[in-house]
1. If a paramagnetic tag sat 7 Å from the Cα of A:Leu247 along the Cα-Cβ line, which residues of region A:331-349 would have the backbone N under 16 Å from that point?
2. Between A:His804 and C:Gln22, what FRET efficiency follows from the Cβ-Cβ distance if R0 is 60 Å, with the result rounded to 0.05?
3. If the cut-off is a Cα-Cα distance under 25 Å, which lysines reach A:Lys612, setting aside same-chain residues fewer than 8 apart in sequence?
4. If you wrap a convex hull around the C-alpha atoms of region C:58-172 and split its volume per residue, what is the figure in Å³?
5. Sorting A:Glu616, A:Glu67, A:Glu214 on the 10 Å Cβ count, fewest up front, what's the list?
6. Taking only complete DSSP H runs, can you tell me which helices of chain C stretch 30 Å or more along their own long axis by Cα positions and average at least -0.5 on the Kyte-Doolittle scale?
7. Helix B:116-149 versus the longest principal axis of chain B: what angle, 0 to 90°, nearest 10, using Cα atoms?
8. Based on alpha-carbon centroids, what's the gap between region C:18-71 and region A:172-206 in Å, whole number please?
Amino acid sequence: MNDQTLTPEERTANLKGMGCSRKRVEDVRFTQGKGNYVDDIKMDGMLFGDFVRSPYAHARIKSVNKEAALALPGVIAVLTAEDLAPLGLHWMPTLAGDKQMVLADGKVLFQGQEVAYVVAEDRYIAADAVELVEVDYEELPVLTDPFEALKSDVVLREDLAGQTEGAHGPRKHHNHIFTWEAGEKDATEAVIDGADVVAEEMVYYHRTHPCPLETCGCVASMDKVTGKLTLYGTFQAPHAIRTVVSLISGIAEHNIRVISPDIGGGFGNKVGAYPGYVCSVVASIVTGKPVKWVEDRMENLMSTAFARDYWMHGKIAATKEGKITGLWCHTTADHGGFDACADPTKFPAGFMNICTGSYDIPTAYLAVDGVYTNKAPGGVAYRCSFRVTEAAYFIERMIEVLAIKLNMDAAELRRINFIRKDQFPYQSALGWEYDSGDYHTAWDKALKAVGYEDLRKEQAQRVEDFKAGKTRKLLGIGLTHFTEIVGAGPVKNCDILGLGMFDSCEIRIHPTGSAIARLGTISQGQGHATTFAQIIASEIGLPADDITLEEGDTDTAPYGLGTYGSRSTPVAGAATAMAARKIRAKAQMIAAYLLEVHDNDVEWDVDRFAVKGAPERFKTMKEIAFAAYNQAIPGLEPGLEAVSYYDPPNMTYPFGAYICVMEIDVDTGEWEIRQFYALDDCGTRINPMIIEGQVHGGVTEALAIAMGQEIAYDEMGNVKTGTLMDFFIPTAWETPNYTTDHTVTPSPHHPIGAKGVGESPNVGGVPAFSNAVHDAFRPFGLVQSHMPHDHWRIWKIANGLGLHG
Amino acid sequence: MDLSDEIRIQAPRDVVYRALNDPEILRECIPGCEELIQHSPENLEAKVVLKIGPVKARFAGEVTLDTSNAPDGFTLSGEGKGGAAGFAKGGAEVTLTEDGDETILAYTATVDIGGKIAQLGSRLIAGTAKKLSGKFFTRFGEIVSEQSVG
Amino acid sequence: MIPAGFEYHRPTDTASAISILQEHGDEARVIAGGHSLIPMMKLRMADLAHVIDLQDIQEMKGIEIGADSVTLGAMVTQHELITHDGLAAAVPIIREAALQIADPQVRYVGTIGGNVANGDPGNDMPGLMQCLDASFELVGPDGTRTVAAREFYEAAYFTARDDEEILTRIMIPVPIAGTGQAYEKQKRKIGDYATAAAAVMVGNGAASVAMTNLADTPIWSAEASAALAGGDVEGCVAAMLDAIDPVEDNRGPVEFKKHVAAVMLRRAIARAVSRAG
Amino acid sequence: MSKMHVKLTVNGREVEGLAEPRTLLIHFLRENLRITGPHIGCETSHCGACTVDIDGKSVKSCTVFVAQANGADVTTVEGLVNEDGSLGVIQEMFREHHGLQCGFCTPGMITRAHRLLQENPSPTEEEVRFGMAGNLCRCTGYQNIVKAILASADMLNAQKEAAE
């Protein structure tokens, strides 16, 4: 192909850079079953580890008898806390500054807690041996309600007894973890006391679980000859895992190699460190053999990171015209037996203080109390930035509740309270600086797209028909306008366990003009290998198809904090662009030298530098790459590569307008999504196909959460939803088609203006579905009810409103 | 979960009461009971194979009797551990009322289950517990009536 | 989730299967599709020393459509029930109900025999078989006997089948022409057991009504059936509500289940009536 | 536990091995034969990640003992590539329409879709959704999976027509 005959547009298209729906490079292996997930790894002499877990939610361990298990042929070892204690590994630090038992140390605090770790020649023998370990338990009183826990005499964490100071300040009770506050308490209460109108509700966001289709697992392999530990695993943050493993095991960090192979979905579940990793590492060190541990689905749902479980008590004040004057929120956060929330250190309740949402609220106050209960630890950001879905759900419910109190249309109430375009960058009452936004444009576009006014007319007619006995179905219109806060984050205020939350990219251009880029992130389905190559392609003019992406290997990738909280594009994507720009800067010098002009006399043109005013005189990036290696250029080192560690100046604030139209059968509680419209503004769009796919998936997870998915416990602390029979994941049959749309408001501080999108649809989706349910019953007097809106709970709403005659 | 029922037994009250304290009779009546050892008048140890449809699990348990209300009735409480399958605990209050030569045995029982069996089988527990306790008392009635008649 | 070890048997005739059952007693269990038993074995809730696979027993296969009666081999899969046009013509409610069971993969291996024999009140076919007044052929060491579906279920997982018997065939009277049939099921999602389900046949002055997962057995009600036969829909619903005894589980509380039971029943009746000729 | 001799045809190739009867087919495929396309997701037959084709039926191989499958003809996603090693039509359409993200459910999805289209070469969208309801996906929301399968049907029908 002769470059000179192609137009700039054609050359741009050939790059498959930003803005094009490039097909995914990952899919060639995935579609033929050639992915390499952790359970696909098989090594010579590999052993298998399996856990003995507690059937009790709270019990003292009187004894553990390993004899029968050890007598089973093929069983290599059975580890208990006693075995780990001499190594100091029977407890481990959590991401939230608490500590967690690796194996039960004297007592268990939740059903499914790890009690002993069996190592055997294969997983069948290990499973048999688990049955043979005899544990004698003495049952203790169970606390599954955080409000009860704060009143109870029962001390859950005996190891913390008497400690009045925790990782995040004073503890008020032996089952209390922390109180975290933001905003102005007195001022907010004064506004609420003097307001024309105040709406007050308890908004509960129930406990759920990310439940990726692949469970968590690892393979630990200690090479006794080299002293090097290789740890393969389902890690969303491989470098952080390496540092944590080094800190708790004492193995020097350079002697640990952490590799995240292909990951079968993460959604926050695979951010933290689990006892399975520690035990596998210990077992490999002890046996000198590779040890694999892969949890089963019940273990996954029972013991690895849960999400949400926030009781959010809210008050919202407004003038009688509907202008919001203040927002007050007190949250009781159920953290389970250990505080293992995955939040930046300074934010024990994550970014819950984004709970003023898309609205210009002058005064606000938030307090969060963390509480221990007899439930599994976790509190991870399940397909959302840290606690952002809780915050969005809270404010979007409070807006609806306020609209009811004001007898106003909820769409109009939102419109009159949105932060205006000219207010950005906007300083929120709870401490954030929103980077950019144009909410009114998005909102109007969304309302117009669904024909909002006609829908309201149809709904009014439906109510009349219902009252006249002509139908038993109600129509709900669920509105949401959400603002996310993603891309954690600036190192000055975001770290996890002291690790600053920058991210990184290293790009190496090969002499023939192809390239490899390595990042500190790791894809779990987001398609990084496709999209990051697109960023590089646009930045340096090499075709995306000629750029290989490598992530997840700590021996080769630069240090980074990993993929969660929609931070890959905002942080690592920025690092990628910055590294590419360093390369381009050097390329400019090379081009100028080759073209025999001054550096400033060449200009960038898609895939080349051309002499200003003489576009026919140019050097393509391919030519420049070759010259970089093979031509002596005075004053320049050979080679063409760059690394960027990007510490973002601010978070990014993607937003969106979602509208759900739902039909509800009053008699059975069954629902059907008639229409779902999702408008996302994630700033600059790198790959529209992938964005659309992310939105479909995120909204579907929101559908699951809002309409049935929960981790439910009975009073004895039994997990009632431990298999996929009871843990609701919709199939293709229950899932509707979605309409996606967008506006583009670039982030002013991000090098390419991108904001991140993977989690928006979950953050916006949950209130859209829930508001649709509430909206259907609003004409009959419903103000607030709790998720999940499964059939019986919807039925109960209808029943409570007297709709069953 | 609470269960209650009553049955009529063709035997005098003291015979029924004695039978309720007779480990041999109890062993015969408890569905799936493999072993019942009496450690003291108040303490029993039992091994039971619970076989319900696809479920088959072995439980080992301890039962404590409270006989202070003899012969009008007694209460018992116990806990059974089924290893990986989970555990069950509960209690029952049995009252015996004379009705001529016969005795009306009424019971109310509370059963709580934990572990896997609770996670997986909760939808079936109530029916099964009812069936098993029904089986127990029906068999008990039969044996005591037979012995009494014989 | 790994099952405990067992010895595997794959007999080729019913008699051999029974003799293996006899030999090992409590320690042996037959499996057909295995989708009820295998998960329980994997969860270590069922510990068996012997598994007897019935897949090679030809005499337990096949669908026979007679003039008055349909005979289904116990090993006929849900998938075969759905795809058999002759069966759909003779007893259309079977296809309608089978499509509501589990998901496509499970229907390929799940059998009618397994569905009716294991006595799980969540299964759809027992209630349907009671509605249709089917009977089950049980073969054991002492020979063959037939038990009416309406007499078969005692409690959750307790049935009239002895441990050493195998349910081999299902005989279903073909409803007379003009009988309307309908199966209505509410469930949380594809693959779930019923929150409530109703099987209804009505027409020619007769009716039969049964419901699923609303007690520890399927519930067929003579009173409800008689009421419906007399055209008394409300009487039918009232009698059925009297007969069922649902328990609370993750699908909802008792009041909800009773309400939904009535709704499913009314809907099934309405559809069956609309199909009656 | 004593092992039994197992003989299967997998992706057109006869394979033999020793295995305990309790070995689940998914483990036999993945561990003994190193065919790691089918995945383990839920282990209770709800998610379909382990779906393989056995004797012309879509089956969840986590809920089948290898003993039960002894003698059967098994096809996995690896067996659906073209003879020249290029992606088969359904595989290609999943890629074309972004019918996958993390890729973990994909082998089961594609294997199931293969059987669905064998039985119903021109399904409606509703039939595709109903026919795929035994396979869970956590990433895609199914919309593009459905699109990919409908496109596969068109492509396969066109190929068939062209061949006739």
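Read-outs throughout are calculated quantities, based only on the coordinates presented, and are distinct from any laboratory measurement. Everything quoted here is computed from the prediction, not taken from an experiment. Every residue, glycine as well, gets a Cβ built from its backbone with ideal geometry; the counts of neighbours run over all protein chains shown.
1. A:339-348
2. Using R0 = 60 Å, I get an efficiency of 0.65.
3. Qualifying lysines at Cα under 25 Å: A:Lys582, A:Lys586, A:Lys622.
4. In region C:58-172, the Cα hull volume divided by residue count equals 98 Å³.
5. A:Glu616, A:Glu67, A:Glu214
6. Span-like helices, by this rule, are C:254-275.
7. Taking the Cα atoms of chain B, the angle to B:116-149 is about 20 degrees.
8. 60 Å
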